[in-house]
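Engineer: Take this structure first; my questions come after.
The values are calculated or read from the model by the stated rules, or taken from the named source; none is laboratory data. Source: prediction; values computed, not measured. Positions of Cβ are backbone-derived with ideal geometry, glycine not excepted, and every protein chain shown enters the neighbour counts.
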């Protein structure tokens, strides 16, 4: 089509419409290998040891708290009648929600062909696994007599008692364990070619051995890639409904009960949106420091950060819509108990938690409307701390404010966390960060093969001369 | 018939394949199409990432991992139906909240979860089995250049001597005409 625009206009339009490359500064394949493997291969930096010692010490709190709980009983927590679920389930839902961002990036963004995912999927998937590990601790130990926890599994046993398959709590056992298992498989499949890269670069015999065994003898022939890519596609395909189902099933734990404030049909989509919201906040919280430490700016570009901020903005707004819709339905439903539950949330003894949640999850992410804030890494890191905090309080608000005053005013009460509650929760951050530090130290924190595949030179129809005209008009 | 060649020490060793290196994805892509058109069967293209469109360039069809996944899905779904129905209806029948013993809607979440779980296992283990992994040693690792570059930034075509179209004189010439460098005979041991 012939156009009559002046060369300046054409150059401007071209500059505006040219997509920013996913990897900056025209890095080549060998650079990607060296950059990411170099993180694993360099001698352990001092900061790593210091961070590791701090986080490992923190995780002792959870180990100790759980040991104290098991040896003494659930009375060491602040639970009471009527608040039979409090920090334990709040922490569980908080951590399991954080996992969702990793699977969203690895599965849904794969199916929707969002190529920017390649830079962040590995670390986010690792974060998913570690968050689910932290989440799994709480339902595991909150049952009281932990030596009977295997009753949750449908196994034939001497009492001939079987679990109730109509119970959402049992669905949750299946949902969370399936989620963890499938996430591990997905993560490992993605790791295999990168482990082969580490194997081929290994200098010492022991490294060659370990990475050799872990990479299963991967050779990288196209006859292998063919099946590999199909398997990856299928895993992405099944993980997509899986990630949407996990938090839906978690929300069933509440929604299928008859407690005012829990018994709502909006819960599944509202929980899923909240999980993705909180998950991306944690991805940015944990990835941005490593991006700075290891100078990964060319791979995890400002564009990547910006896109994730937009997802936080979107899901935060969905969460805000859900909060308001809950209020509207409570009023419109004209059920006095339901109306009171929401009145009590906003103006009762836990009003501060409710408004903190509102501020952190609905108001604070609105700052991401501004491009200048989305592209400032330091400000982004500060802003995403609000969702991190707010999402914990969201679960606290849903759980505690709903059950502390239900139908029977004579049994109303308040919840006060015990020191064991607090320290056990604080310790999970230690576990989470310790696992993440180990991951960064021993495994490639960015998917090498996948980042290579999105480089311009990776395209078999790419020819070196094509790219000359693109950047000349910029800057 | 095994094909022998002399190594550096002058001993004759059995040859597994002939390997050739290419400079770029575009080069190896074009070369693969030519090798395919020559009718070779026992050969492969090696790269550090999956090259888009290489399956067609090599004349390979669609991967059949999906069939294994489907079998896994069917197994998972059946398992979940039986796992829930047998205890709820036959072994431990109990009325909960006035629901029938066979409460299909309430069984859906676990049916979904186990379908996904078994599909994932079938897909991952099926894929590794089809790819004949784990296999920690392979003759191709005897080629030093390959080990240095294949998972870094190299592009290789390797044609096995077992291929009926392999010829000691013509195949190296073919690879050379396609712009290959480092054409090497890879020993089997």
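Engineer: Select from the range A:240-253 the residues that are facing chain B (nearest Cβ under 8 Å) and under 25 Å from residue B:67 (Cβ atoms) and write down the one among them that is surrounded by the fewest Cβ atoms within 10 Å (Cβ to Cβ).
Structural biologist: Selected residue: A:241.
Engineer: Mind checking which residues of the range A:449-462 are assigned to a helix (DSSP H, G or I) and more than 8 Å from chain B (Cβ to nearest Cβ)?
Structural biologist: A:451, A:456
Engineer: Another one. Taking the range B:136-145 only, how many residues are within 9 Å of chain A (Cβ to nearest Cβ) and either in contact with a strand residue (DSSP E or B) (Cβ under 8 Å, 6 or more places away or on another chain) or more than 28 Å from residue B:181 (Cα to Cα) (or both)?
Structural biologist: 1
Engineer: Related question: Return yes when residue A:59 is part of a helix (DSSP H, G or I) and exposed (fewer than 15 other Cβ atoms within 10 Å of the Cβ) and no when it is not.
Structural biologist: no
Matching residues to (1) over 30 Å from residue A:455 (Cβ atoms); (2) surrounded by 13 or more Cβ atoms within 10 Å (Cβ to Cβ):
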{"position": "B:114", "(1), (2)": "yes, yes"}
{"position": "B:131", "(1), (2)": "no, yes"}
{"position": "B:137", "(1), (2)": "yes, no"}
{"position": "B:150", "(1), (2)": "no, yes"}
{"position": "B:165", "(1), (2)": "yes, yes"}
{"position": "B:174", "(1), (2)": "no, yes"}
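Engineer: Does residue A:147 satisfy the criteria of being outside any loop (DSSP other than H, G, I, E, B), over 19 Å from residue A:309 (Cα atoms) and at pLDDT below 90?
Structural biologist: Answer is yes for this residue.
Engineer: State whether one or more residues within the range B:53-61 are at pLDDT 90 or above, more than 10 Å from chain A (Cβ to nearest Cβ) and either surrounded by fewer than 22 Cβ atoms within 10 Å (Cβ to Cβ) or over 30 Å from residue A:191 (Cβ atoms) (or both).
Structural biologist: yes
Engineer: Let me ask something additional. Here is a check on your reading of the model: is residue A:361 part of a helix (DSSP H, G or I) and crowded, with 20+ Cβ neighbours inside 10 Å?
Structural biologist: yes
Engineer: Run down A:196, A:126, A:160 and say which single residue is surrounded by fewer than 23 Cβ atoms within 10 Å (Cβ to Cβ) and within 14 Å of chain B (Cβ to nearest Cβ).
Structural biologist: A:160
Engineer: Now for a different question. If you go through the range B:115-135, how many residues are more than 8 Å from chain A (Cβ to nearest Cβ) and under 16 Å from the mean Cα position of the chain (by Cα)?
Structural biologist: Going through the range B:115-135 one residue at a time, the tally reaches 4.
Engineer: Another one. Could you tell me how many of the residues in the range B:44-63 are part of a helix (DSSP H, G or I) and free of Cβ contacts under 8 Å to residues at least 24 places away in the same chain?
Structural biologist: 2
Engineer: Hey, residue A:54 hits all of (1) within 22 Å of residue A:389 (Cα to Cα); (2) crowded, with 19+ Cβ neighbours inside 10 Å but one; which does it fall short on?
Structural biologist: Status for residue A:54: all satisfied but (2).
Engineer: Among the numbered conditions (1) part of a helix (DSSP H, G or I); (2) surrounded by fewer than 15 Cβ atoms within 10 Å (Cβ to Cβ); (3) touching a residue at least 40 places away in the same chain (Cβ under 8 Å), tell me where residue A:187 comes up short.
Structural biologist: Single failed check for residue A:187: (2).
Engineer: So, of the residues in the range A:221-262 that are without any contact (Cβ under 8 Å) to a residue 24 or more places away in the chain and not in a helix (DSSP H, G or I), which turns out to be nearest to residue A:449 (Cα to Cα)?
Structural biologist: A:221
Engineer: Suppose we filter the range B:64-104 for residues that are more than 25 Å from residue A:250 (Cα to Cα), at the interface with chain A (Cβ under 7 Å from one of its Cβ atoms) and either part of a helix (DSSP H, G or I) or under 26 Å from the mean Cα position of the chain (by Cα) (or both); how many remain?
Structural biologist: 4
Engineer: Away from chain B (no Cβ under 14 Å), under 28 Å from the mean Cα position of the chain (by Cα) and surrounded by 15 or more Cβ atoms within 10 Å (Cβ to Cβ): is that true of residue A:176 in this structure?
Structural biologist: no
Engineer: Continuing with the same structure: Name, by its number, the condition in (1) within 14 Å of chain A (Cβ to nearest Cβ); (2) more than 13 Å from residue A:222 (Cβ to Cβ); (3) in contact with a strand residue (DSSP E or B) (Cβ under 9 Å, 6 or more places away or on another chain) that does not hold for residue B:34.
Structural biologist: (3)
Engineer: Being more than 10 Å from chain B (Cβ to nearest Cβ), under 22 Å from residue A:125 (Cβ atoms) and either buried (at least 18 other Cβ atoms within 10 Å of the Cβ) or touching a helix residue (DSSP H, G or I) at 6+ places or on another chain (Cβ under 8 Å) (or both) is the filter here; which residues of the range A:201-239 pass it?
Structural biologist: A:211, A:236
Engineer: Please find, among B:112, B:107, the residue that is facing chain A (nearest Cβ under 7 Å), closer than 17 Å to residue A:237 by Cβ and either in contact with a helix residue (DSSP H, G or I) (Cβ under 6 Å, 6 or more places away or on another chain) or in a helix (DSSP H, G or I) (or both).
Structural biologist: Answer to the check: B:112.
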